[in-house]
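Asker: Once you've had a glance at the structure underneath, I'll fire off some questions.
The values are calculated or read from the model by the stated rules, or taken from the named source; none is laboratory data. Not measured: the values here are computed from a predicted model. Don't worry about glycine lacking a Cβ; one is built from the backbone with ideal geometry, like all the others, and counts go over all protein chains shown. When the accessible area is computed, the model is the full protein with side chains, heavy atoms only, and any ligands, DNA or RNA have been set aside. Shrake-Rupley method; radii C 1.70, N 1.55, O 1.52, S 1.80 Å.
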Amino acid sequence: MHIIPAKDISEASAPSRFVGGADFASRHSSLERRLVRLRSWLPWVHVGMFLVFLAVLVVPVYLPESSEQATFLDDGRELANYLLWGVWFPLMFFSVVITGRSWCGFLCPMGAASELANRHGLKRQTPAWIRWPGTPILSFIIITLLGQTTGARDHPEAALEIFGGTFVMAVIVGWLWGRNKRVWCRHLCPIGLLLGVFARLGAVHLSPRKRKSGPDQLTDKTICPTYIDLPRKQAARHCIECLRCILPGHTAGLAVSFRRPGQELEAIRHHAPDVWETLFIFLGAGVALGGFLWLVLPFYNDWRQALGRWFIEQGQYWIGEPGPAWLMSVHPERREVFRWLDFFMITGTMVTVMALSALVLSMASLASAGLARWRGSGESLFQAFVQIGYSQAPVALMALMIGLATELFTPFVRLGMTTAQVNDVKAAMILFGLLWSVWLAWRILQGLGVDRGRWLALLPSAAGSSAMAAAWWLAVL
Ligand code: SF4
Ligand code: SF4
């Protein structure tokens with residue numbers, strides 16, 4: 001038993017070169033057996049994680065206000081905030097680059113609860129609007145905007161609203177739609193697509209032992225909870241690593257293998273490239289960037305005042321009123337009250353930065369795609385554009401890791417790291433993401449058949465990555 005690449009698998013989708021030899025095969029088989037044994041423990045892990053979820057999100061809401069000097073070592077609220085943004089999010093991002101979506105399959109209580117609800121639910125057919133490929137993009141954008149206007153990183157009530165609300169939605173969706181599946185995880189989870197795209201960078205890989213020809217498409221006729229047509233699986237995106245399809249000693253099912261991080265994206269032409277994913281990388285990185293830029297843009301306050309004045313001149317005084325607490329941060333006890341003006345300014349800035357990001361990265365990818373074709377690639381302009389667009393994933397990943405995992409560096413600061421040193425680490429992470437993106441674009445262009453003049457075709461894409469890195473640098477440093 002071992003991973004036997006079928007003849008029609010490209011060199012890129014074949015198991016990594018680290019795999020080889022009888023010794024490795026037997027160790028590998030024993031790894032699969034161990035993983036399969038783990039399966040019976042997963043429900044208990046999910047219950048444990050659900051309790052952690054409750055402790056981190058619900059308990060802080062009922063704790064007394066933290067003092068200005070409170071730290072995560074002596075204050076329950078600060079500790080919960082640190083566990084959420086300093087442990088949970090960074091671990092999820094780091095793990096996806098190493099093990100793919102193991103977070104989803106092994107730990108996430110939300111997906112597990114959705115699947116449990118599905119088992120006892122109505123099992124209705126999934127509506128077309130849920131299956132629309134743009135739905136997970138909208139889900140990410142809406143939650144990112146809401147997280148920003150309610151202040152989910154600073155206020156436990158907002159964190160409970162965002163995470164608790166999505167938890168309830170996941171259960172309702174699971175109860176209503178799908179038959180023994182995870183409709184929520186495949187189509188609706190706000191971070192499902194984010195994890196899916198970055199899982200393509202991951203080093204752990206599950207591939208069919210016996211591959212059948214044909215495209216990697218959604219199917220109902222599968223044991224996979226995320227609708228993967230197992231013998232035709234080409235992409236890591238939808239695999240939540242639930243381990244259900246791993247059958248050690250059999251010739252069917254999927255086999256676990258290891259590969260260099262980024263290998264799937266380097267050969268993306270063989271791994272079901274999808275324009276919606278490219279679009280998500282462009283838009284997702286932009287909207288998250290906007291969430292940090294509005295705090296540092298020097299002209300933000302001038303624009304805010306000008307807009308407020310204009311509304312007042314029109315007699316629209318409601319613009320200065322606070323909105324509902326479920327929509328924006330209204331915490332007078334913490335000296336933070338957003339008004340409708342703030343709501344429109346913050347969401348407007350984020351949406352504008354998102355549109356600009358999509359425009360800049362699209363133009364950069366399109367220019368590289370055009371040059372690739374000019375320098376000999378036989379791929380269509382659209383396909384080349386989609387594939388080159390994936391090269392922005394690493395820089396976006398590093399930036400999101402620094403941005404969303406805001407508390408990542410808190411313990412290091414407590415251990416004596418200075419702000420300048422923390423900023424150096426952040427800068428190094430952004431630089432690493434940028435270099436990885438440029439390398440990825442280089443390899444994708446190679447895959448597109450561009451040999452002579454590859455540097456030229458690389459330039460626009462590298463300029464796009466540099467623009468993204470520079471904007472994040474400005475936002476988080
Ligand atoms: S897709 Fe979302 S809800 Fe589903 S397991 Fe992953 S993180 Fe959890
Ligand atoms: S491909 Fe296998 S491990 Fe991945 S989600 Fe489907 S059944 Fe689970």
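Asker: Subtract the Cα-Cα distance of ALA55 and ARG119 from 0.36 nm times their separation in residues, and report this length gain in nm to one decimal.
Answerer: Between ALA55 and ARG119, full extension yields an extra 20.4 nm.
Asker: Okay, next question. If you filter region 210-242 for trypsin sites (Lys or Arg not before Pro), then keep DSSP loop positions with at most 14 other Cβ within 10 Å, what is left?
Answerer: Taking region 210-242 and a limit of 14 other Cβ atoms within 10 Å, the loop trypsin sites (Lys or Arg not before Pro) found are LYS210, LYS212, LYS221.
Asker: Any idea what the relative contact order of region 88-197 is, in percent, if you count C-alpha pairs under 8 Å spaced at least 6 apart?
Answerer: Numbers: 123 pairs, mean separation 45.7, N = 110.
Normalised by residue count, the contact order of region 88-197 is 42 percent.
Asker: Just tell me which lysines come within less than 30 Å, Cα to Cα, of LYS210; anything on the same chain fewer than 8 places away is out.
Answerer: Cα-Cα hits under 30 Å: LYS7, LYS181, LYS221, LYS233.
Asker: Under 5 Å between amide H atoms, partner at least 5 residues away or on a different chain: which partners does ARG237 have, H built in plane at 1.01 Å?
Answerer: Placed amide hydrogens put nothing under 5 Å from ARG237.
Asker: Let me ask something else. Using the beta-carbon distance between TRP326 and TRP455 and R0 = 56 Å, what value does 1/(1 + (r/R0)^6) give for FRET efficiency, to the nearest 0.05?
Answerer: Given R0 = 56 Å and the Cβ-Cβ separation, E is 0.60.
Asker: Which net charge results for the neighbourhood of GLY134, defined as the other residues with beta-carbon distances under 12 angstrom from its beta-carbon, given Lys and Arg at +1 and Asp and Glu at -1?
Answerer: With Lys, Arg at +1 and Asp, Glu at -1, the net is -1.
Asker: Rounded to the nearest Å, what's the spacing between the alpha carbon centres of region 294-360 and region 196-217? Just the number, please.
Answerer: 43 Å
Asker: In whole percent, what relative contact order does region 22-267 give with Cα contacts below 8 Å and a gap of six or more residues?
Answerer: Computed value for region 22-267: 24 percent relative contact order.
Asker: Same structure, new question: Select from region 117-207 those trypsin sites (Lys or Arg not before Pro) which occupy a DSSP coil region and have at most 15 other Cβ atoms within 10 Å, ordered by residue number.
Answerer: LYS123, ARG179
Asker: With a 1.4 Å probe and every protein chain left in place, tell me how much accessible area HIS331 has, in Å² to the nearest 10.
Answerer: 20 Å²
Asker: For the chain, what does -39500 (n - 2.57) per DSSP helix run (n ≥ 4), summed and divided by total residues, give at 222 nm, in deg cm²/dmol to the nearest 500?
Answerer: It lands at -17500 deg cm²/dmol.
Asker: Once you place label points 7 Å from the Cα toward the Cβ at ASN301 and VAL36, how far apart are they in nm?
Answerer: 6.4 nm
Asker: Can you give the relative contact order of the chain as a percent, counting alpha carbon pairs under 8 Å and 6+ residues apart?
Answerer: For the chain, the relative contact order is 17 percent.
Asker: Same structure again: So what's the angle, to the nearest 10 degrees on a 0 to 90 scale, between helix 22-38 and the longest Cα principal axis of the chain?
Answerer: Roughly 50 degrees, rounded to the nearest 10.
Asker: Suppose R0 equals 60 Å. What FRET efficiency, 1/(1 + (r/R0)^6) with r the Cβ-Cβ distance, do VAL337 and THR251 give to the nearest 0.05?
Answerer: With a Förster radius of 60 Å, E is 0.40.
Asker: Points 7 angstrom from Cα along the Cβ direction at MET363 and ALA70: gap in nanometres?
Answerer: Placing both labels 7 Å along Cα→Cβ, they lie 4.7 nm apart.
Asker: Averaged per residue, what accessible surface does region 299-361 expose to a 1.4 Å probe, in Å²?
Answerer: Details: 3760 Å² over 63 residues.
Heavy-atom accessible area per residue stands at 60 Å².
Asker: Kindly list the residues of region 320-361 that lie in the label zone of PHE311, defined by a backbone N under 12 Å from the point 7 Å along the Cα-to-C-beta vector.
Answerer: Residues 320-324, 338-348 qualify, since their backbone N sits under 12 Å from the label point.
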